[in-house]
1. From the list Leu101, Leu55, which residue is surrounded by 15 or more Cβ atoms within 10 Å (Cβ to Cβ), at pLDDT below 90, in a helix (DSSP H, G or I) and not acidic (Asp, Glu)?
2. Give me the pairs, please: first residue somewhere in the range 109-126 and free of Cβ contacts under 8 Å to residues at least 60 places away in the same chain, second residue anywhere and among the charged types (D, E, K, R), beta-carbon distance under 8 Å, and either six or more positions apart or on two chains.
3. Checking Leu159 against (1) farther than 20 Å from Leu55 by Cα; (2) aliphatic (A, V, I, L, M); (3) in contact with a Leu (Cβ under 7 Å, 6 or more places away or on another chain), only one condition comes out false. Which one?
4. Could you grab me the full set of residues in the range 138-156 that are touching a helix residue (DSSP H, G or I) at 6+ places or on another chain (Cβ under 7 Å) and not hydroxyl-bearing (Ser, Thr, Tyr)?
5. Quick check on this structure: which one of Ile156, Ile123 is assigned by TED's automatic domain parsing to the domain that holds Gln77 and farther than 23 Å from Arg61 by Cβ?
6. Taking the stated definitions as given, is Ala85 assigned to a helix (DSSP H, G or I), modelled with pLDDT of 90 or more, of a type in the set (Gly, Ala, Ser) and touching a Gly at 6+ places or on another chain (Cβ under 8 Å)?
7. Could you tell me which numbered condition Ser134 fails, if it satisfies all but one of (1) part of a helix (DSSP H, G or I); (2) within 21 Å of Ala72 (Cβ to Cβ); (3) in contact (Cβ under 8 Å) with a residue 60 or more places away in the chain; (4) of a type outside the set (A, V, I, L, M, F, W, C)?
Amino acid sequence: MSVVTMYSTRNNRLFALFIVSAVVLSAFSFASAEGEKNPNGAAHRSAVGTFMRNLLDVADREKGEVGEEIKAVAKEQDEAKDKVADAIDKIQNRGKLKTFLIGTDYRNMGALRSEMVKTRNQIDKLGRLIERASSSESKTALEEQLKALQGAGQKIEDLLKANESKFSVFGWFVKLFSK
């Protein structure tokens with residue numbers, strides 16, 4: 001092998017190493033900037049706990065079938081809050097290097113999507129319950145809780161969108177086996 005060929009091969013390797021390093025560093029800085037605007041599990045638990053208590057207060061004022069349906073919505077959200085919060089934490093706390101190499105946590109992303117479908121159904125149910133509530137005070141309280149639930153759902157949707165678009169080197173390969 002000639003000296004020119006060895007020198008050229010060495011430069012190509014250094015250049016490739018430089019490019020890979022630049023891509024890794026830019027991915028880390030992008031991932032850390034995104035993580036600051038997304039919700040965490042504790043915040044979700046707190047928001048759902050407040051939502052649930054407020055719904056139960058309205059349910060106590062509403063008697064009969066409407067009150068029971070409001071209690072059912074509160075119970076469903078309470079049962080789902082730990083599952084959702086754990087999935088959020090696992091997605092948020094996934095190592096940046098692992099995310100860069102194999103992609104986002106597709107299993108927990110799927111769990112969140114599944115819970116979001118249930119949440120949308122509960123939002124629709126609350127919308128119907130507002131119309132059936134007996135007092136204007138109950139209607140106003142239900143509208144506020146509906147907005148709170150929609151806000152929590154939007155934060156999760158934003159988290160899902162942000163994590164779906166994260167760059168990964170071998171994410172396409174992992175996606176093949178995660179379905």
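The values are calculated or read from the model by the stated rules, or taken from the named source; none is laboratory data. These figures come from a predicted structure and were not determined experimentally. Neighbour counts run over all protein chains shown; Cβ positions are idealised from the backbone, glycine included.
1. Leu101
2. Pairs that qualify, where the first residue is free of Cβ contacts under 8 Å to residues at least 60 places away in the same chain and the partner is among the charged types (D, E, K, R), are Met109/Glu164; Ala111/Lys83; Glu115/Lys83; Met116/Glu157; Lys118/Glu76; Gln122/Glu76; Lys125/Glu69.
3. If we test Leu159 against (1) farther than 20 Å from Leu55 by Cα; (2) aliphatic (A, V, I, L, M); (3) in contact with a Leu (Cβ under 7 Å, 6 or more places away or on another chain), just (3) comes out false.
4. Lys139, Ala141, Leu142, Glu143, Gln145, Leu146, Ala148, Leu149, Gln150, Ala152, Gly153, Ile156
5. From the options Ile156, Ile123, the qualifying one is Ile156.
6. Yes.
7. Result: Ser134 fails condition (1) only.
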